[in-house]
Structures are given as C-alpha cells and as structure tokens.
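The next block holds one structure in the form of structure tokens; read it before the comments.
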Amino acid sequence: MAFSNFKTIGEVIKAFQVTYTEENFIVEVQFTIPDYFREDLEFTMREGAVDCSEFAICENLIAPILKQVWKIYSGKFILWSHYALNYDEKLSGFPEYILAKRSPLGKVVFDKPYFILVEAKQDNFESGWAQCLAEMIAAQRLNGEYQLVIYGIVSNGATWQFGKLEGEKFTRNITPYTIYELDKLFSAVNFIFQQCEVQLNNLVAA
C-alpha cells in the first residue's frame, strides 16, 4: 500500500495504533540567512509560478530552504530527493525529501537512520499529514533497534507544519510557520536539523 493511499491522518493513526497529540515542541534556533538567498527567493516568488503544482512547490520553495540549512549539516547527512522508502507492502513510496545519515561508503548509498521526511501538498494538509505520518512510521521501523525521534514536515510552500514521532506517540506542533516570516521559519527548520544531529552524535557515542 503506497503512502499516497492514506487520505486522512486519523486513518493512519488507527491503522498503526499511534497516539495523536498537539504541542509546541519547536524551539527556534537562530539561523543566518544570506542576503543573496533572500533576494533570490523574493525574485522567484514575485516572478515565478511557484505553486502551480507539487513539483513547483518542491523546486521553488521547499528545496531551496532545506538545502540552505542542510549545507551546515552536510558532513553528517545527505538530503535525498524523491527517493524510494520501502518497509513493507503497506508502507512504501517516494517522500519528497528525506534527511538520512551520510553513509561511510559514500554519498550514493542510502543509509539509515532516517530523520526528516517532507511532504509537499497544494493546501491539502490533511492528506499531506496522512502520507507524511505513514512515511515517518516506515522510517521508524526501518531504524529497527534505534529508538530515534522521526521528524516530519508538511508544506504547501507558504505554510510549513512540523511533527515528530517518538515511540508510538505522534505530536504535531500547534503553531505553523510561514515563508513570509523567513527568519522564524529558518529557525524552526534549523532546530529540526540540530535535533537530528544530536541524535546521530548520541548514536556514535554509544
């Protein structure tokens, strides 16, 4: 069953017996946005058809922000785009973006653990979270013995919502972030990347 077959988050919660909660867990971690990035994004949003499709949303709005933050953490992680994530016949598909541990074998090897999964949707956040949570569950199960927090993001380009899966508890951050408050959005995304790095460092130290 493909991730896209799930249409509501309640359907996923019931199917996999996950507890749903809402809480503001994001702690904004300051990120310095280069001026050239601000100018380029403003140009793209002003002149481009940035949200005419999910592919356009990914290319024009989501990928540039994720990539800008990923640069700081690229020594430890690879940001994969539209790469297959398969656990079993019920949990399989292609998340828009996955942040995974950089493999010691090189950047072409898809390694675990998996931390962030991003789903882009054209204003259908219910469907977006259904798919994203299913992807998070798949990532959690692929991690096996590693009891890691899996983070998820659902965005229509303008609005970004955050969630985390910890054990059998899924928490959706109450407060959304928007591309129109870019500094706050980057601080939220940076927090997620930072938490992934902390988990990875703890694994290495164990």
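Readers should treat all values here as calculations from the given coordinates under stated rules, not as data from a laboratory. All values reported here derive from a predicted model rather than from experimental measurement. When we count neighbours, we look across all protein chains shown, and the Cβ atoms used for this are built from the backbone with ideal geometry, even at glycine.
Compute the signed sum of charges (Lys and Arg +1, Asp and Glu -1) over the other residues within less than 12 Å, Cβ to Cβ, of PRO104.
Numbers: positive: LYS76, LYS101, ARG102, LYS107; negative: ASP111.
Within the 12 Å Cβ shell, the charges total +3.
Which parts of region 185-206 would a label at ASP111 reach, counting a residue when its backbone N lies under 15 Å from a point 7 Å out along Cα-to-Cβ?
Counting only backbone N, you get 197-206.
What number, rounded to the nearest 500 deg cm²/dmol, is the helix-based mean residue ellipticity at 222 nm of the chain, given -39500 (n - 2.57) per DSSP H run of at least four residues and division by all its residues?
Result for the chain: -12000 deg cm²/dmol, rounded to the nearest 500.
Sort 150-158, 172-180 by the packing proxy (mean of other Cβ within 10 Å over each peptide's residues), most packed first. Write out the running numbers ahead of the final one.
Numbers: 150-158: 24.6, 172-180: 16.0.
The most tightly packed comes first, giving 150-158, 172-180.
Can you give the percent of C-alpha pairs in region 61-130 whose distance is more than 15 Å?
Distances greater than 15 Å cover 58 percent of the Cα pairs.
Work through the residues other than ILE192 whose Cβ is under 12 Å from its Cβ and net out their charges, Lys, Arg +1 and Asp, Glu -1.
Values: positive: LYS164; negative: GLU28, GLU197.
In short, -1.
Using the Cα centre of region 107-206 as the reference point, and only Cβ charges (+1 on K/R, -1 on D/E), how large is the resulting charge dipole? Debye, rounded to the nearest 20. Please report the intermediate quantities before stating the final value.
Values: 8 positive and 11 negative charges, 19 e Å.
Roughly 80 debye for region 107-206.
Which one, TRP129, HIS82, ALA205, is farthest towards the positive end of the dipole of the chain when Lys and Arg carry +1 and Asp and Glu -1 on their Cβ?
The one lying farthest along the dipole's positive direction is ALA205.
Specify which labelled value, from (1) 49, 35, 31; (2) 58, 34, 34; (3) 44, 38, 32, agrees with Cα extents along the principal axes in Å derived from the coordinates of the model shown.
(3)
Which pairs, out of LYS71/LYS121; LYS7/LYS90; LYS76/LYS169, put more than 23 Å between their alpha-carbon atoms?
Values: LYS71/LYS121 25 Å; LYS7/LYS90 14 Å; LYS76/LYS169 27 Å.
Long pairs (Cα-Cα over 23 Å): LYS71/LYS121; LYS76/LYS169.
In percent, how large is the relative contact order of region 57-140, given Cα pairs closer than 8 Å and 6 or more residues apart? Write down the numbers at each step before the final one.
On the way: 115 pairs, mean separation 20.5, N = 84.
Contact order relative to length: 24 percent.
Antiparallel DSSP bridges in the chain: what percent, to the nearest 5? Don't jump to the answer; show the numbers that get you there.
Values: 25 of 35 bridges.
Antiparallel bridges: around 70 percent, rounded to the nearest 5.
Once you sort the root eigenvalues of the Cα gyration tensor of region 12-70 as a ≥ b ≥ c, which label holds: rounded (a/c under 1.5), prolate (a/b larger than b/c) or oblate (the other case)? Intermediate values should be presented prior to the final figure.
Values: a/c = 3.37, a/b = 1.60, b/c = 2.10.
Here region 12-70 falls in the oblate category.
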